[in-house]
Structures are given as C-alpha cells and as structure tokens.
Amino acid sequence: MQDITQTARQIAGSPEDHLDEIHLFTSAWATMKAARGEGFDPARLRPQHLIDRPAPTPEPTDMVLDRVGQKVRAIMDEQGILPHRRHAA
C-alpha cells in the first residue's frame, strides 16, 4: 500500500505531466484520499484544480508589440500627448 500511495503522491504532485491522462490524476487523488481515510467525490474535482494548458499565442510577440505600439502612438497623436523620450511608444 505504501508503494501505491507514494506513486499517487508523485502523480498528484505534478499534474502538468498528466494533462492527457486526467483519469490517472483522478485515480491518484482518490488513492491519496483513501489512504487518509477520507471520502472522495470525483465530480468535485473540476478542471480548475488541475493545471490548464496555456492557450497558443494568436500571433508572434513582435507583431503584437508593433500593433500595440502603433495604437498607443495613434492615441497619443489624437490627444496631443508628446512622448518624453524619442523611443517612447
């Protein structure tokens, strides 16, 4: 039983390694709860308890920075704001 609990602790301790195997993480969590004599309701283990995958970047960072910089410069021009330094915005 100690080996099973140790394996469950390793799995539950690194959920990012088991994102594609949610059932494995859930089983490990249930094993740890049972070892402590506690009950477990799998319906209460929602995705926010796990580490979610980061969403892919919609476009390269350089493109985002260029687009934001252009927008900031346009707003500054509209409001008559002068940059303090030559390289600002």
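The values are calculated or read from the model by the stated rules, or taken from the named source; none is laboratory data. The structure displayed is predicted, hence computed values, not measured ones. Methodologically, a virtual Cβ is constructed for each residue, glycine included, from the backbone with ideal geometry; neighbour enumeration extends over all protein chains shown.
Checked against (1) more than 19 Å from the chain's Cα centre (by Cα); (2) surrounded by fewer than 10 Cβ atoms within 10 Å (Cβ to Cβ); (3) at pLDDT below 80, Asp20 passes all but condition (1).
Could you tell me which residue of region 45-82 is modelled with the highest pLDDT, considering only residues that are more than 26 Å from the chain's Cα centre (by Cα) and part of a loop (DSSP other than H, G, I, E, B)? Among residues in region 45-82 that are more than 26 Å from the chain's Cα centre (by Cα) and part of a loop (DSSP other than H, G, I, E, B), the one modelled with the highest pLDDT is Gly80.
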